[in-house]
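So the structure is just underneath, and the comments pick up after that.
The values are calculated or read from the model by the stated rules, or taken from the named source; none is laboratory data. Note that the coordinates shown come from a computational prediction; the quantities given were computed from them, not determined experimentally. Using ideal geometry, Cβ is built from the backbone for each residue, glycine included, and neighbour counts are taken over all protein chains shown.
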Amino acid sequence: MKTYSSPEIADFVLKNFGLQAEVQPLPGELDFNFFLRATDGRSFILKIANAEEKRGCLELQNAVMHHLATKDVGLQVSTVVNAKNGRDILEIADGSSQPRMVRLLTWVDGRPWAKVNPHSPALLIQLGAMCGKLCVALSDFDHAEAHRFMKWDPSQAMWIKPHLNLVVDGERNEWVHHFYTLFEQRVVPLMPSLRKSVNYNDANDYNVLVSNDATDPRVPGVIDFGDVVYTHTVNELAIAIAYAAMDKPDPLDAACQVVKGFNSVCPLTDEELSVIFSLVATRLLISITCAALNRVEHPENEYLQISDKPAWDLLEKLRAIAPELAHYAFRNACGKEACTIHEKFVQWASAHYKAMNFPVKNAKNITWLDLSVGSLDAGNSQNLLDADMLDKQVQTLMADADATLAIGRYDEARALYTTDAFATQGNDSQTWRTVHIGMDFFTQQQTEVFAVCDGTVHSFANNAAERDYGPTIILEHKVADDLIFYTLYGHLSTNSLTALNVGKTVRRGDVIGHVGGRRENGNWPPHLHFQIVLDMLGKQGDFPGVAYAHQRTLWKSICPDPWLLLTGKPSEQLASLSSQHIVDYRKEHLGKNMSISYREPIKMVRGNGVHLLDDAGRRYLDTVNNVAHVGHEHPRVVRAGQRQMAVLNTNTRYLHDNIVKFVEAMLETMPPPLNVAFIVNSGSEANELGMRLARNYTGQKDMIVSEVGYHGNTGGCIEISSYKFDGAGGKGAAPHVHVVPIPDVYRGLYRAGDPHVASHYAGHVKQAIANMQAQGRNPAAFIFESVISCGGQVELPENFLKQAYQHVREAGGVCLADEVQTGCGRAGDHFWAFQQHDVVPDIVTIGKPIGNGHPLAVVVTTQAIADAFKNGMEYFNTFGGNPVSCAIGLEVLKVIKDEGLQQNAKLVGNYLKAGLRDLMDRFPIVGDVRGPGLFIGFELVKDRDTKAPATEQASYFANRMRDKGILMSTDGPFNNVLKIKPPLVFSSSNADFLLDAIAAVLREDVMHVQ
């Protein structure tokens, strides 16, 4: 076979098109392709057709491109360039008697879909919309050559039938025959009613183009019109889905995004929606059949088999999806009622509810339970996740309401299902079925369960072993020729199944079973789970009772509100403000400079350990809220506060044990001579008081602070926080505030490797003192965070604090260690981060960690400084040191000790940093990893030599981690440092989950900085 050199192609183009261009070969399946960059800057692709290509096919392709060029639908596709002789198809010799045909096309900039990461929902929607635009643009186009046999056309898939048994054996053989049967039974009969048009027919992952803008990618169009065919219009969508859904953990969700985009441009008919799933699978069958045949015919050509394994993987996932579920999901994506008989059922139930029976005895005293994610009735997460405590909590709520029957709500997102055991992998992150789509009737064990209306036994099973919700009975109710529905009764007693058989007739009010006990039902409190199901989706004796929040509308359509059947009206939902309402109200009525995290704000309603949960029950791994030091809503801490709050909460002018016990425990962690404490309400207040103590003791006012340091939000704290006064809206340093360079050995004035780096940075402290002394003043205090937080999790160089303290003390000043964020064991090696530097401050301020979310802070100082403060003016704090705060603070200290959280911070912190440094070796954008214990930062840079900050990438990174269910945020002077300061109960498995997600985002296109 003849090959063509770049100079040969350049001469051909110059001679025939008058273009002088640089030529670069491109890969191709059967054609020869060349990229051309003309001297005038324009780009082209020269395509030399394979020797077997028919002229009519090329004429068809050219006609399609000419037609699309006349349509203004937002597509970008190649246009055909006519040669100097006016022709759009030329010939070039290939060394044989038959020359090859040649075409010159304009180049469309972009990347193939296969090379784009991530395939976000927005991008999938754009893919669908692009396919819809193709269909709209080609709806009035026809060409004789398009009416042909095309093996890749799903509507012409009958040709694969003789080859099916030759493709595979075993389990895969079952998949193949299952989906081909679906094609014959569900697609072929509907073909006469489906729209037809000329289709592009090849929206695969190497033909679909995506723009080169990584931050805001678009799908402008496609290349390669070799598979154009006249067929059913919906095949355009099905083919795009077949490739877009490959390698996705949740292919149905990906498919729904593509369907949504397509429908927004080219609305789908009901018939088309019903066949999409089968057509997607059919396209995959064609692919694997061709691959199998190619293995025999062309064993050397790996290109022909490129989609073989992904196709099999996708086919396996699709086999686990009920075709009707996919149909409903696609309808839902198009804004239609998902289940086709939903409205019929609602009308029937509204008219016939008086003839229904209650599933359990309708007690006189009924209470509705709030088991939602943010339920205040349910209380601490421990009450939900511990079976004994959940049972006790339900019984308590019923007793408080004097009720013998309690009802758990329909369409309620619950925290009960947010543990690791219930997690599944979505396309971007873990996801949970949290939305309850049945109704619970909490009552006594062995309470009779009644059939709500006439029917027959559809199926039953004891699901205790695999599903942890025990015996289940499902009844079928055929109430009209066009309406059959099912009622599900779950959490029954084992003996409820003994006298059943499928098809058994059941009358309204018949006792069909009894409420089971905890041992029979996965330790759930005794209750009946009652659910309406409009389509069993092929299931027997079992059906999902909870749904994914993002599929809420879909599953509510399949499983309507049971209250409709029992009362003729929907059940009432608990009132809740939408996220958008909260955002709008905050903008209008709260301080305008109160920020909200993330581009897409989160409505958080529950915390538990290292996780926060939103109102839909989505779980987020919290790596940034160091306030929850021992874990969000730690049950021991919560209980300590509740117990004391129920008895007494007053000020320190009265005597109480708690303040003494708390201060004793706090001082035990401090080195001498730090032995006097003041209890306040916040870190800002602690630093404000720390400054007062220092200024009172020294008689001076001047403060030495760090560049980009932050110490709180009061007026006095803002005045000494370079992060604020040197930032947006700041007015610079006051005359009595002296800013020294941030001692950052990564990007600061003096870098790692300099043996005198500590002395150089400490020298600036000495110089600041000299400057104030030249004006007849001395320092009141040197205030420094032991690890600089807002400056980017900056670890201080060894011996810097020791030398700085010496300079300050020689000038009569005091040394104040701000441990508001770094204290209480977070540093790992020591309880206080200043201890890493072998120094003892004169004043230590403690804030966020000690209250675990409760407003509590402490100032610890020496006896001499405390005595000097006693100058006749009373120090009084209305809330500081109250019995509740002290009870909470004391319990936090106990938990840190009892659970070994300081040691955990060291071990897990080191493990996490090792993982981050491994990522640093693999991804050049990670410039530095630093921080002690679980106070870690990693810095993103565009170039490791220049250290140019990758600020935009860091912002993107934090938001992408939010998408993946991980809370992170940025810090540092350039907002390019990702900070990791989680609750100290953070585990190595949490670290693994975090590292995997970090690696995934680092692989995304935006992170590939130039």
* Can you tell me which residues in the range 512-564 are closer than 15 Å to LEU475 by Cβ and either surrounded by fewer than 21 Cβ atoms within 10 Å (Cβ to Cβ) or outside the structural domain of LEU488 (by TED's automatic domain parsing) (or both)? -> LYS539, GLN540, GLY541, ASP542
* Could you figure out which of (1) buried (at least 22 other Cβ atoms within 10 Å of the Cβ); (2) hydroxyl-bearing (Ser, Thr, Tyr); (3) more than 30 Å from GLN821 (Cα to Cα) isn't true of THR623? => (3)
* Asked: Does SER278 count as closer than 22 Å to ASP308 by Cβ and either assigned by TED's automatic domain parsing to the domain that holds ASN33 or in contact with a Ser or Thr (Cβ under 9 Å, 6 or more places away or on another chain) (or both)?
  -> no
* Selection from the range 336-389 of residues that are under 19 Å from HIS491 (Cα atoms), buried (at least 20 other Cβ atoms within 10 Å of the Cβ), in contact with a Ser or Thr (Cβ under 9 Å, 6 or more places away or on another chain) and not β-branched (Val, Ile, Thr) -> PRO359, LEU369, LEU384
* Asked: If the Cβ limit is 6 Å and pairs must be 6+ apart or interchain, which residue in the range 375-402 that is more than 15 Å from ARG639 (Cα to Cα) pairs with which residue that is at pLDDT below 95 and charged (D, E, K, R)?
  -> LEU397/ASP377
* Looking at (1) at pLDDT 95 or above; (2) under 26 Å from GLU1004 (Cβ atoms), find the lone condition where VAL108 falls short. => (1)
* Asked: Taking into account only those residues within the range 87-99 that are touching a residue at least 60 places away in the same chain (Cβ under 8 Å) and under 9 Å from ALA51 (Cβ atoms), which is surrounded by the most Cβ atoms within 10 Å (Cβ to Cβ)?
  -> ASP94
* Among (1) in contact (Cβ under 8 Å) with a residue 60 or more places away in the chain; (2) out of contact with any helix residue (DSSP H, G or I) (no Cβ under 8 Å at 6 or more places or on another chain); (3) among the hydrophobic types (A, V, I, L, M, F, W, C) - the single one ALA774 does not satisfy -> (1)
* Asked: Quick check: anything in the range 612-625 out of contact with any strand residue (DSSP E or B) (no Cβ under 9 Å at 6 or more places or on another chain) and touching a residue at least 60 places away in the same chain (Cβ under 8 Å)?
  -> no
* To do: With the condition kept exactly as written, say whether any residue in the range 926-934 is modelled with pLDDT of 95 or more, within 21 Å of the chain's Cα centre (by Cα), farther than 19 Å from ASP744 by Cβ and surrounded by 23 or more Cβ atoms within 10 Å (Cβ to Cβ).
  => no
* The listed residue being more than 29 Å from HIS550 (Cβ to Cβ) and among the hydroxyl-bearing types (Ser, Thr, Tyr), out of SER459, SER429, SER496 -> SER496
* Structure fact -> In the set ASP818, ASP829, the lone residue that is under 26 Å from THR698 (Cβ atoms) and in contact with a helix residue (DSSP H, G or I) (Cβ under 9 Å, 6 or more places away or on another chain) is ASP818
* To do: Would you check if SER706 is closer than 30 Å to VAL884 by Cα, surrounded by 22 or more Cβ atoms within 10 Å (Cβ to Cβ) and in contact (Cβ under 8 Å) with a residue 40 or more places away in the chain?
  => no
* Asked: Is one or more of the residues making up the range 679-690 farther than 23 Å from LEU893 by Cβ and either without any contact (Cβ under 8 Å) to a residue 60 or more places away in the chain or in the same structural domain as ILE888 (by TED's automatic domain parsing) (or both)?
  -> yes
* Asked: Looking at the range 699-714, which of its residues are farther than 22 Å from ALA762 by Cβ and either touching a His at 6+ places or on another chain (Cβ under 8 Å) or among the charged types (D, E, K, R) (or both)?
  -> LYS701
* To do: Inspect all residues belonging to the range 949-956 and state whether any of them is at negative phi, in contact (Cβ under 8 Å) with a residue 24 or more places away in the chain and part of a strand (DSSP E or B).
  => yes
* Candidate set: the range 870-886, residues that are buried (at least 18 other Cβ atoms within 10 Å of the Cβ) and among the hydrophobic types (A, V, I, L, M, F, W, C); chosen: the one farthest from ASN696 (Cα to Cα) -> VAL884
* Asked: Got a number for residues in the range 564-615 being within 30 Å of VAL985 (Cβ to Cβ), outside any loop (DSSP other than H, G, I, E, B) and aliphatic (A, V, I, L, M)?
  -> 5
* Looking only at the range 357-367, count how many residues are within 15 Å of LEU528 (Cβ to Cβ) and either among the hydrophobic types (A, V, I, L, M, F, W, C) or touching a helix residue (DSSP H, G or I) at 6+ places or on another chain (Cβ under 7 Å) (or both). => 4
* To do: Answer yes or no: is there a residue in the range 586-594 that is touching an Asp or Glu at 6+ places or on another chain (Cβ under 7 Å) and free of Cβ contacts under 8 Å to residues at least 40 places away in the same chain.
  => no
* Kindly indicate whether VAL188 is modelled with pLDDT of 95 or more and among the β-branched types (Val, Ile, Thr). => yes
* Matching residues, the range 474-520, being closer than 19 Å to VAL360 by Cα, among the polar types (S, T, N, Q) and assigned to a strand (DSSP E or B) -> THR487
* Structure fact -> Apart from one, (1) in a strand (DSSP E or B); (2) surrounded by fewer than 24 Cβ atoms within 10 Å (Cβ to Cβ) all hold for LEU940; the odd one out is (2)
* touching a residue at least 12 places away in the same chain (Cβ under 8 Å), surrounded by fewer than 20 Cβ atoms within 10 Å (Cβ to Cβ) and hydrophobic (A, V, I, L, M, F, W, C), is that true of PHE923? -> yes
* Give the residue that is nearest to the chain's Cα centre (by Cα), with candidates limited to residues of the range 404-430 that are part of a loop (DSSP other than H, G, I, E, B), more than 28 Å from ALA1000 (Cβ to Cβ) and of a type outside the set (Lys, Arg). => ASP411
* If you check SER429 against the conditions, is it in contact with a Ser or Thr (Cβ under 9 Å, 6 or more places away or on another chain) and of a type in the set (Ser, Thr, Tyr)? -> no
* Considering residues of the range 430-453 that are farther than 27 Å from LEU574 by Cβ and not aromatic (Phe, Trp, Tyr) only, the residue surrounded by the most Cβ atoms within 10 Å (Cβ to Cβ) -> ALA451
